[in-house]
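Data first, discussion second: the structure below is written as structure tokens.
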């Protein structure tokens, strides 16, 4: 049997076989439990693409031991001022996002669903990317909008990734009191 070594722990591809073949479904449903035996934390990029259901959170957190931490990207439904002109956006492709920096949506569809797992949360990462259009491409307007959104949210461990090169110099915004500004 083939065994891979990952940080000194055994990874067994046979765990993810079904009918003699690798099962992507089985892997996606069970690999986190194996990962958690080796590492104490993970960053969940999958959250960036949709607001996960309460059932998905329950399944996800049930796979890890106490003390395991998840850092999660905030869904682009809140961080993208405009949807990309890509097929995955369907009718919304290339259109302005009416939920950009919508605190109510973030609170109701992400934070409320994560509340039962609060002790397992690391950072919530807001990935804004490069913003090309007015007025959000102006740092003062961007910071004011971000400040407004964060003032409507509970204090959490927020982190930011943005294309604004001057963001790390921001020091007077209320949101800088409860958050970390460096770009990543």
Discussion item. For region 34-55, give me each residue that is within 18 Å of residue 106 (Cα to Cα) and part of a loop (DSSP other than H, G, I, E, B).
Written reply: 50, 51, 52, 53
Worksheet item: Which residues, counting only those in region 40-55, are touching a residue at least 12 places away in the same chain (Cβ under 8 Å) and surrounded by 13 or more Cβ atoms within 10 Å (Cβ to Cβ)?
Response: 41, 42, 43, 44, 47, 48, 51, 52
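Name the residue, out of 58, 28, that is within 18 Å of the chain's Cα centre (by Cα), assigned to a helix (DSSP H, G or I), loosely packed, with under 15 Cβ neighbours inside 10 Å and outside the structural domain of residue 126 (by TED's automatic domain parsing).
Details: 58 fails: outside the structural domain of residue 126 (by TED's automatic domain parsing).
Selected residue: 28, the only one of 58, 28 that is within 18 Å of the chain's Cα centre (by Cα), assigned to a helix (DSSP H, G or I), loosely packed, with under 15 Cβ neighbours inside 10 Å and outside the structural domain of residue 126 (by TED's automatic domain parsing).
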Practice prompt. Filter region 104-145 for residues that are surrounded by 12 or more Cβ atoms within 10 Å (Cβ to Cβ) and modelled with pLDDT under 80 and give the result.
Written response: 129, 131, 135, 136, 137, 138, 139
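Run down 69, 92, 82 and say which single residue is out of contact with any strand residue (DSSP E or B) (no Cβ under 7 Å at 6 or more places or on another chain) and surrounded by 12 or more Cβ atoms within 10 Å (Cβ to Cβ). I'd like the intermediate steps shown before the answer.
Details: 69 fails: out of contact with any strand residue (DSSP E or B) (no Cβ under 7 Å at 6 or more places or on another chain); 82 fails: out of contact with any strand residue (DSSP E or B) (no Cβ under 7 Å at 6 or more places or on another chain).
On inspection, the qualifying residue turns out to be 92.
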Worksheet item: Only one of these conditions is not met by residue 4: (1) more than 28 Å from residue 126 (Cβ to Cβ); (2) modelled with pLDDT of 80 or more; (3) in contact with a helix residue (DSSP H, G or I) (Cβ under 8 Å, 6 or more places away or on another chain). Which number is it?
Response: (2)
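The values are calculated or read from the model by the stated rules, or taken from the named source; none is laboratory data. All of these numbers come straight from a predicted model, not from anything done at the bench. A quick note on method: Cβ atoms are made from the backbone with ideal geometry, for glycine too, and the neighbour counts reach across all protein chains shown.
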